[in-house]
C-alpha cells in the first residue's frame, strides 16, 4: 500500500498553467471589423486586439496526446557519491467531448483516457535498468502496484468543468475509478486507506495532467507583443519557491478558416527560503539554477490548443545536516512536455 501511495503522490512532474492577469489601456475602437473570427479579433488604432478564450461548439470532440519526458541525475551518499541518472517518459492518449456550456461560459466535458504508457530507465556504473508499462498490454509489469491507478483509469468516463479562460474548476465522476483501485488492492482497505488512495490519486492528480492542455488566458483582450504574467508559490523538495510565469502573444497566423495564436512562455523560479529545519534535520540550499521556456499554438476558432511545448531545467546543490553530521546532494532535473491535438471533430448538423 505504501509504494502505491508514494508513487501516486510524486509521479507527476509537470509545468502547469496558472491564472493570468493582463492590464491594458482603453483605446478608440473600430467596430467595422469583418472576416474570420471577427467576434474575437478587432482592429483599433493600428493594433490587433484578440479576445482569447475557450469557445468550443457543443458536442464537438477532441483527441489529445501528452508526452512528459523527465531526466534527472543525483550524486549523494545515497548513491555512494556516484552519479545516478534516471529517465521517465509518460505518454497519455485521451478523448474529450463538450457536453454543455452555461450562460457564464463554463464548459462541462466528458473525458476518458484511451491509453497510458510509462517508460522508465535508471543508469549507474554503465549499467541500465529499464521498465515499460503499457495499459493496453497485460504483461507482468501491468499488475505491478505502481501502475494500479492507471489500469483503473483506462476507458472510465469522468467529467471536467472549465471556465472560458482555460482554468479547470473541477474534476468529478471518479467513483468507478476508485472502485477499480480498491478491487485491485484486494477490497480490504479501511476507510482511512481509501482516503489515502483518493488523496494520492484523486482529482487534483488528474487535474495536474489535463491542465497542461489548457493555456490560461487573461479575461481582458491581448495584443501582439503584449505580455501577461502571474506568480504562484509551490515547494521544490523541501524549499518554498515562487514560480514567475510570463506569456507573450507573438503572432496570429491564418490557416484556412482558422486563426492560430502563437504564444511564447517563460518561467523563472525564486527560492523563498534556502534554509529549512524539519524533524531535527537542517536543509541548506547552497547552489540553485532554474528556468523554463515554451511555445503554445492556439486555435481561436475552435477555442482549443493545437500544440504546446515546454522545457524546464532545475539544478540544485543542497546540504543535509543532522546529529553532528552533514551530507551534500547534487541534483539536476530536466522536463520536456508536449501536448498535441490529434483530432478535432465538429458536431454533425442536419
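The values are calculated or read from the model by the stated rules, or taken from the named source; none is laboratory data. Being a predicted model, the structure only gives us computed values, none of them experimental. With ideal geometry, Cβ positions are generated from the backbone for all residues, glycine too; neighbour counts draw on all protein chains shown.
Checking every residue in segment 130-146 against the condition of being surrounded by fewer than 16 Cβ atoms within 10 Å (Cβ to Cβ) and more than 25 Å from residue 197 (Cα to Cα) gives at least one match. Does segment 296-350 hold any residues that are free of Cβ contacts under 8 Å to residues at least 40 places away in the same chain, closer than 30 Å to residue 165 by Cβ and assigned to a strand (DSSP E or B), and which are they? The answer is 297, 307, 309, 311, 313. Scanning segment 37-71 for residues that are at pLDDT 90 or above and more than 30 Å from residue 106 (Cα to Cα) returns 69, 70, 71. Of all residues in segment 193-205, those that are part of a helix (DSSP H, G or I) have Cβ atoms under 6 Å from Cβ atoms of residues that are at pLDDT 85 or above, 6 or more apart or on another chain, in 197/181; 203/171. Note on segment 109-192: enclosed strands (runs of 3 or more DSSP E) holding 3 or more residues that are free of Cβ contacts under 8 Å to residues at least 24 places away in the same chain and in contact with a strand residue (DSSP E or B) (Cβ under 9 Å, 6 or more places away or on another chain) are 127-134.
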